[in-house]
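Before any comments, here is the structure.
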Amino acid sequence: MTFEAMWRDLLPVGRSATSGGYRRTPWTSPEAELREWFAEAALARGLEVETDAMGNQVAWWRPTTPTELPAVLTGSHLDSVHDGGAFDGPLGVVSALAAIDVLRDRGFEPTRAIGVSVFTEEEGSRFGLACLGSRLVTGATTWEAVRRRRDRDGIHLDDALSAAGLDPGGELMSLADVGCFVELHVEQGRDLVDRDVAVGVASEIWPHGRYRFDFTGEANHAGTTRMEDRRDPMLTYAMTALAANKQARLADQRATFGRLEVTPNGTNAVPSHVTAWLDARCSDDESLAELVETITRQSHDRASRDGTSLTVTAESVSSSVSFDPDLARSLAAIGDWPVIPTQAGHDAGILSAAGIPTAMLFVRNPTGVSHSPDERAETADCLAGVEALADTLSMLAS
Ligand code: GLV
Ligand code: MN
Ligand code: MN
């Protein structure tokens, strides 16, 4: 099955008829359908498929002569943010399967195993921790530390897994035999557009984190409560959002409040609580810590003027990642591709932090937009990405 045919198969899965965006939430039925699709596509290619206790998957193309040489792993994720685009994640998985087809058409015989992996909950859209599947597999977090996390409906992670027919706390994919990892991903900015090239190689990932801001005030009547008598947490939140934006702009960093919960959430009531999530990203770990500290300090100052209170909880923090420079150089040399940094998080960052030599290939995105239905990649660029990945795998698995 060609890249285009696989892509067509996936297009309807989890797509919202109203927004046109994807809702491929981990451990829900669209995600189960994607997992099943992956297993079928891999089995149709004669690959050995393993699914672990969390739903992480890997499909192996083993060399004809058994070997002790470490394996080459490639792949990405199939889950999406709420109302995300089609490419973030699936492009890396579909390209990996298509690259195996290209290598076979070329008559290539790997001397070491090539695995195609799919990591679960990469976006952290359900349980708030980015790259949950790969963090567990690499030991960056533990089952005990995450099992009681709740989703927006109050469902615990272990119950979500059981409901999906998986095995909470059970055996996870082993990366012990993996010698290197290469993740292909749609670019989530316009660097490759500006450079007029279809493919790039990643140099580093900016450190990034998610922080829950809980603002508490006092619920009261929107008409009868004099303005000076209010303790309105929405005001504290609003000033915090403006301060975060200003601080990030001043230092070419990133700060976003993209999610908000208001209690009681009534038009004619001053709220009692506002919970808002800050996503912050900087070029180095110290700057990230400073940015969040500054925003928090300004928020506390404002809270004392508003008669509200505030607590801040770090829910997911990922340190900066520099990808293996030798690997990046040898990939870049294949096609004279540019080596560029990214501000987006990836499972590749988690595997790299775990000591596995890791690289990423990016495919041009003409809109530069991501985490939105407007995310795009032209078919010709996707096919260039498949060729680039095939060249990379043949270099690494020879
Ligand atoms: C994942 O895509 C992230 O960067 O949040
Ligand atoms: Mn992704
Ligand atoms: Mn993403």
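Some observations on this one:
- Simple spin-label estimate for Asp301 and Arg104 gives 6.3 nm between the two label positions (7 Å along the Cα-to-Cβ direction from each Cα).
- As a calculated quantity, the FRET efficiency between Leu260 and Arg62 at R0 = 45 Å, using C-beta atoms, amounts to about 0.40.
- Region 298-386: trypsin sites (Lys or Arg not before Pro) falling in loop per DSSP and having at most 14 other Cβ within 10 Å: none
- Here is the list for region 198-260: trypsin sites (Lys or Arg not before Pro) lying in DSSP coil, each with at most 16 other C-beta atoms within 10 angstrom of its C-beta, are Arg226.
- Computed extension gain for Ala163 through Asp336, at 0.36 nm per residue and net of the alpha carbon distance, reaches 57.5 nm.
- Heavy-atom surface of region 23-121, accessible at 1.4 Å and reported per residue (Å²): 34
- Axial C-alpha extent at least 18 Å, average Kyte-Doolittle at least -1.0 - helices from the chain (DSSP): 29-44, 90-105, 233-250, 379-396
- Calculated FRET value between Thr142 and Thr111, using beta carbons and R₀ = 41 Å, to 0.05: 0.70
- Contact order relative to length of region 38-107, as percent, for alpha carbon pairs under 8 angstrom and 6 or more apart: 19
- Stretching Glu33 away from Arg45 to a fully extended chain increases their span by 2.5 nm, per 0.36 nm per residue minus the current alpha-carbon distance.
- Carbon plus sulfur fraction of accessible area for the chain, probe 1.4 Å, in percent: 48
- Every helix of 4 or more DSSP H residues in the chain counts as -39500 (n - 2.57), and over all residues that averages to -10500 deg cm²/dmol at 222 nm.
- Average accessible surface for region 237-336: 53 Å² per residue, computed with a 1.4 Å probe over protein heavy atoms with every protein chain in place.
- Length-normalised contact order for region 188-303 - Cα pairs under 8 Å, 6+ apart - percent: 33
- For region 177-298, the equivalent ellipsoid derived from the Cα gyration tensor has semi-axes of 39, 15, 14 Å, listed largest first.
- Here each label is just a point 7 Å from Cα along the line to Cβ, and for Asp229 and Asp214 those points are 2.8 nm apart.
- Cα centroid separation, region 310-369 to region 235-276 (Å): 29
- Taking all pairs of distinct alpha-carbon atoms in region 262-370, Kirkwood radius in angstrom: 17.8
- Percentage of interatomic Cα-Cα distances in region 339-386 larger than 17 Å: 48
- Share of pairwise Cα separations in the chain, more than 29 Å, in percent: 46
- Mean separation of Cα contacts under 8 Å, 6 or more apart, over the residue count of the chain: relative contact order %: 23
- Prolate/oblate/rounded call for region 1-148, Cα gyration tensor, a/c under 1.5 rounded: oblate
- Loop-located GluC sites (Glu not before Pro) in region 1-74 whose Cβ has at most 14 other Cβ within 10 Å (DSSP): Glu68
The values are calculated or read from the model by the stated rules, or taken from the named source; none is laboratory data. What you see is a predicted model, and the numbers here were worked out from it, not measured in a lab. Please note: Cβ atoms are built from the backbone with ideal geometry, for glycine as well, and neighbour counts cover all protein chains shown. Protein only, heavy atoms only, side chains kept; ligands, DNA and RNA dropped before computing areas. Shrake-Rupley method; radii C 1.70, N 1.55, O 1.52, S 1.80 Å.
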